[in-house]
1. Can you give me the Rg/Rh ratio for region 1-139, using Cα atoms for both radii and the Kirkwood formula for Rh?
2. Please give the solvent-accessible surface of SER55 in Å², to the nearest 10, using a probe radius of 1.4 Å with every protein chain present.
3. From the protein chains alone at 1.4 Å, what is the descending order of accessible area for ASP121, ASP107, largest first?
4. Multiply the residue gap between LEU7 and ARG133 by 0.36 nm, knock off their C-alpha separation, and tell me the result in nm, one decimal place.
5. Would you please name the GluC sites (Glu not before Pro) within region 1-82 that are DSSP coil residues with at most 16 other C-beta atoms within 10 Å of their C-beta?
6. Run through region 1-104 and list the trypsin sites (Lys or Arg not before Pro) located in a DSSP loop whose Cβ has at most 16 other Cβ atoms within 10 Å.
Amino acid sequence: AALIRMLSDDPQVTCNVLTTEEEGVAIAVGAWLGGQRSVLLMQSSGVGNCINMLSLPVMARTPLLMLVTMRGEWAEFNPWQVPMSRATQPALEAIGITVLRAETGPDLVDTVAAAAAMAFDSDQQIAILIGQRLLGLGVVRVVGGRLGFGRSIVRTALLCLAVPALIWDRDARGLHDK
């Protein structure tokens, strides 16, 4: 969220809010054809949503730089994220996209610099997978602070029972997110 806010606040950056990840792939190719560079941000689950559209930059040999935040890894609370997390890298590599991975802050800076050069200087399609541990994801209370052990156990039990799909509050948050 901080990266998106920072980019949105930069007058030299054009940000597009997408309804699907496929739109982002098309916009990235169109931007290149119009003389602009772009970076596509998505979660690993988004890779599954747009895997077919990713053939466009591969077949057209246009640059593509993607930053993919991984879900379904370190301390993931949502079991539905795990299958696509396992499939993200193999799926990207199967269609010809070069996959790089970053697990630390300095590693991310170096990897993005190298990937940008590979994409824009050599017309390659590059995905940087940003490990969930690097993002420091954890379960926190809405009012701040970490969740206690007891609440974490109750939350996990509710997730396993599919209660989130049945009970929502006025903010459209599942009961497990309390």
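1. Answer for region 1-139: 0.94.
2. Near enough 50 Å² of accessible area.
3. Final ranking, largest accessible area leading: ASP121, ASP107.
4. Difference between extended and current length: 43.1 nm.
5. Filter output for region 1-82: GLU76.
6. The qualifying sites are ARG37, ARG61.
The values are calculated or read from the model by the stated rules, or taken from the named source; none is laboratory data. Since this is a predicted model, take the numbers as computed values, not measurements. No Cβ is skipped: glycine too gets one built from the backbone with ideal geometry, and neighbour counts run over all protein chains shown. SASA here: full protein model, heavy atoms, side chains in, ligands and nucleic acids out. Shrake-Rupley method; radii C 1.70, N 1.55, O 1.52, S 1.80 Å.
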